[in-house]
Protein chains: 2
Amino acid sequence: MIDAPYLLFLGDAPDPLAAKVAQGICDWRPDMAIGQFRLEGCKADMKLTDMTIAEAVEAGAKTLVIGVANRGGVVSPLWQDVLIEALASGMDIASGLHNLLRDEPALVEAARAHGRTLHDVRIPTVKYPIASGVKRTGKRCLAVGTDCSVGKMYTALAMDAEMRERGMKCTFRATGQTGILITGDGVPLDAVIADFMAGAVEWLTPDNDADHWDLIEGQGSLFHASYSGVTMALVHGGQADALILCHEPTRTHMRGLPDYDLPTLEDLRDTALHLARRVNSACEVVGISINTAALSDAEAEKYLTEVEARMGLPAVDPYRHGATRLVDALS
Amino acid sequence: MIDAPYLLFLGDAPDPLAAKVAQGICDWRPDMAIGQFRLEGCKADMKLTDMTIAEAVEAGAKTLVIGVANRGGVVSPLWQDVLIEALASGMDIASGLHNLLRDEPALVEAARAHGRTLHDVRIPTVKYPIASGVKRTGKRCLAVGTDCSVGKMYTALAMDAEMRERGMKCTFRATGQTGILITGDGVPLDAVIADFMAGAVEWLTPDNDADHWDLIEGQGSLFHASYSGVTMALVHGGQADALILCHEPTRTHMRGLPDYDLPTLEDLRDTALHLARRVNSACEVVGISINTAALSDAEAEKYLTEVEARMGLPAVDPYRHGATRLVDALS
């Protein structure tokens, strides 16, 4: 659907976390990204070659992928000139932002004039059902977090990669724009109409072979005042057999909410498990995924050891050390 | 916005609960409904005069209000002839269904031909923000249920009526189609895009006088596999100071989910309070509202006495006995 390779547009990202779409593509489909485009003041860096639009086209880029998310998902006016230049130079544009490329008259006009395509990957293209709550065959694993942006998608992608390597039956189920841009399909859950959220998750993770695992991309956090409803729909629509707790140990407050502390891993475990067992009484918390990107090797090891002892569950950073032990915990 | 009086269209309601929109209008704005229209097999009855379209127009009806909800909110093909007749006879149509009047070509054409208006009250008309989680001034009360359709809206409306009678500052805050049809404004929460649900609730219940109470209409249930995400957004967006637990004691399974038992009131109390305190540490569960419609007077009294003793909280049926004790519990 979206032509590769990509030029990753990082815009004026206020911090590295804001560029998690671009980071996800680099980490899981590195062959698809041939360069990055950054505006002045951009605080994110994918360590790709910085390219102008002309250089990217020369290098073969087919699509400019907006790899950065603003609060509220707005297409910034600052970006507009670059995007129009990309269209005029022969690239398509793909975006997972809430505010749509197709709602920007200048972009629509430029795309039309130059025969290019605007891909809004987070627009639901399916009429999702109301959730039925009926038990489905096959196994499902869901990552839940103490906060947003703590590594839930990475955890599921890393487990998916590990399971494929072992020859296990599995599917990564994307529920957000990055996952959809990486895998080509999924449910843009935070853009779904409220009443159909859980039904969309059921639709995404249908009956399957008894030994097949869906690795469901988590969203938000049950403890995040802005996004908890989306997470709740994942917990109830997902019918997880296994939950992975995700956490970032250096976070001082909930993302975007300076007045809110993070919950403890114990609180996340108890709250998520209680809610998840509502739809699958066999659900268990099987492991803990810690995003140790901000820690040194020694600090990471110390922290993981401590969490593992305290919680009595395997605690790993799947990006740093692989997902072997998390996949082992599913068996 | 919507011209009164109304003819309440009950369609082919499969059971009385399906007509809760019509019932709400009859109970809280009885002067606005002058008759009802029922199709063959209709299992709901508002005890209003059954009227043909011609009789309703003759009696002065200005708007046919669709007072019944189908699963998924579909405009049934069975209804179409009646709706077109109403438009041709000079009535507007108002609907709170998910599927829109404006998306039915035959209705749009008939409305155009006869100069009538189609009101889709559940379409959000506001661009809601992402929730900020910032603490707001004023007080808020939210009704949460063991299930859907257990009396959450009634509880809030009855408390609103009681507080107005006492001269207290209060506002009923509608979050569903019935509430919006009754009060003329509100947020159609289950039609809001997932990411903006909690923000819509914050928008609906802004800063207010320190002694002003918002009575927030609840939706769904934290324990309902289909709709729990919407409820979660109300709990986190609402920042309730006071929670009222709502329950219907004869329900044998969760509405629409035959495989699901209802949670206990204790489980509802603990789960809702834990989640609500995330955004307002002062939140308390202050009372219990039991929908005793299916019980005799003696059975209702026995049940309420037992629940009150067991839970240590005032337990009343506000529709049967008024909301005096629930309002007392706020003080």
In Å and whole numbers, how far do the C-alpha atoms of the range A:1-72 stretch along each principal axis, longest first? 30, 24, 22
So, in Å, what gap is there between the alpha-carbon centers of the range A:60-97 and the range A:104-150? 17 Å
Give the nm distances, rounded to one decimal, from B:ARG164 to the matching residue in every other copy, measuring between label points 7 Å along Cα toward the beta carbon; shortest first. 6.1
I need the inter-copy label distances for B:ARG310: point set 7 Å along Cα to C-beta, values in nm with one decimal, smallest first. 3.7
For B:ALA143, enumerate residues with amide H under 5 Å from its amide H, sequence gap 5+ or separate chain, H modeled in the peptide plane. B:ILE216, B:GLY218, B:ILE244
Compute from the Cα atoms of the range B:224-265 the Rg and the Dmax, the latter being the longest Cα-Cα distance, and quote both in angstrom. 12.1, 34
Please compute the contact order of the range A:88-206 in relative form: average sequence separation of alpha-carbon pairs under 8 Å and at least six residues apart, divided by the residue count, as a percent. 28 percent
The range A:137-177 scanned against label point 7 Å out from A:ASP328 along Cα→C-beta; backbone N under 19 Å for A:155-156, A:158-168
Once phi is turned into θ = phi - 60°, what whole-Hz ³J(HN,Hα) does the Karplus curve with 6.51, -1.76 and 1.60 give for every residue of the range B:174-179, x standing for Gly and Pro? 6, 10, x, 4, 5, x
Length-normalised contact order of the range B:27-77, Cα under 8 Å, at least 6 apart, in percent, tallies to 31 percent
For the range A:220-233, in order, what is each residue's ³J(HN,Hα) by Karplus, 6.51 cos²θ - 1.76 cosθ + 1.60 with θ = phi - 60°, in whole Hz (x at glycine and Pro)? x, 7, 4, 9, 9, 4, 8, 10, 4, x, 5, 4, 4, 5
Relative to the compact-globule scaling 2.2 N^0.38 Å, provide the ratio for the alpha-carbon radius of gyration of the range A:139-329. 0.95
Considering only C-alpha atoms, what is the centroid distance from the range A:221-286 to the range B:1-41, in Å? 41 Å
In Å, what is the Rg of the alpha-carbon atoms in the protein assembly as shown, and how long is Dmax? 26.2, 83
Treating the point 7 Å from Cα along Cα-beta-carbon as the label, what are the nm separations from A:GLY60 to the other copies, to one decimal? 7.8
How high is the relative contact order of chain A, in percent, with contacts defined as C-alpha pairs under 8 Å that are six or more residues apart? 15 percent
Rule-of-thumb check for chain B: C-alpha Rg over 2.2 N^0.38 Å? 0.99
What's the magnitude of the charge dipole for the range B:6-120 around its Cα centre, counting Lys and Arg as +1 and Asp and Glu as -1 at the beta-carbon? Answer in Debye, nearest 20. 280 debye
For the range B:27-44, list residues with backbone N below 20 Å from a point placed 7 Å from the Cα of B:ARG320 toward its Cβ? B:27-28
May I ask which of A:LYS135/A:LYS169; B:LYS43/B:LYS152; A:LYS152/A:LYS302; A:LYS62/B:LYS127 have a Cα-Cα span longer than 26 Å here? A:LYS62/B:LYS127
Tell me, what ³J(HN,Hα) does each residue in the range B:320-327 have, in order and in whole Hz, if you take phi through Karplus 6.51 cos²θ - 1.76 cosθ + 1.60 with θ = phi - 60° and put x for Gly and Pro? 7, 10, x, 9, 3, 6, 5, 5
Averaged over the residues of B:23-35, the number of partner chain Cβ atoms within 10 Å of each residue's own Cβ comes to 0
Packing rank of B:251-259, A:8-16, where each peptide gets the mean count of other beta carbons within 10 Å, highest leading: A:8-16, B:251-259
Coil-residue trypsin sites (Lys or Arg not before Pro) of the range B:143-209, DSSP, other Cβ within 10 Å capped at 16: B:ARG166
Across the Cα atoms of the range A:16-150, what radius of gyration and what greatest pairwise Cα-Cα distance (Dmax) are found, in Å? 17.3, 53
Sequence-distant residues sharing a close amide H with A:PHE172 (under 5 Å, placed H): A:LEU215
Tensor-based shape of the range B:55-135 (alpha-carbon gyration tensor, a/c under 1.5 rounded, otherwise prolate or oblate): prolate
Inside 10 Å of the C-beta atoms of B:195-204, what's the mean count of C-beta atoms belonging to other chains? 5
Would you please give the residues with an amide H less than 5 Å from that of B:LYS43, counting only those at least 5 places away or on a separate chain, with H modeled from the backbone geometry? B:ALA13, B:ASP15
Show that you can apply the helix-only estimate: for chain B, add -39,500 (n - 2.57) for every DSSP H stretch of four or more residues, divide by all residues, and state [θ] at 222 nm to the nearest 500. -10000 deg cm²/dmol
Rounding to the nearest 20 debye, state how big the charge dipole of the protein assembly as shown is about its Cα centre with +1 on each Lys and Arg Cβ and -1 on each Asp and Glu Cβ. 80 debye
In the range B:1-88, trypsin sites (Lys or Arg not before Pro) in a DSSP loop with at most 10 other beta-carbon atoms within 10 Å: B:LYS47
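Read-outs throughout are calculated quantities, based only on the coordinates presented, and are distinct from any laboratory measurement. All values reported here derive from a predicted model rather than from experimental measurement. Heads up, the Cβs are rebuilt from the backbone with ideal geometry, glycines too, and the neighbour counts pull from every protein chain shown.
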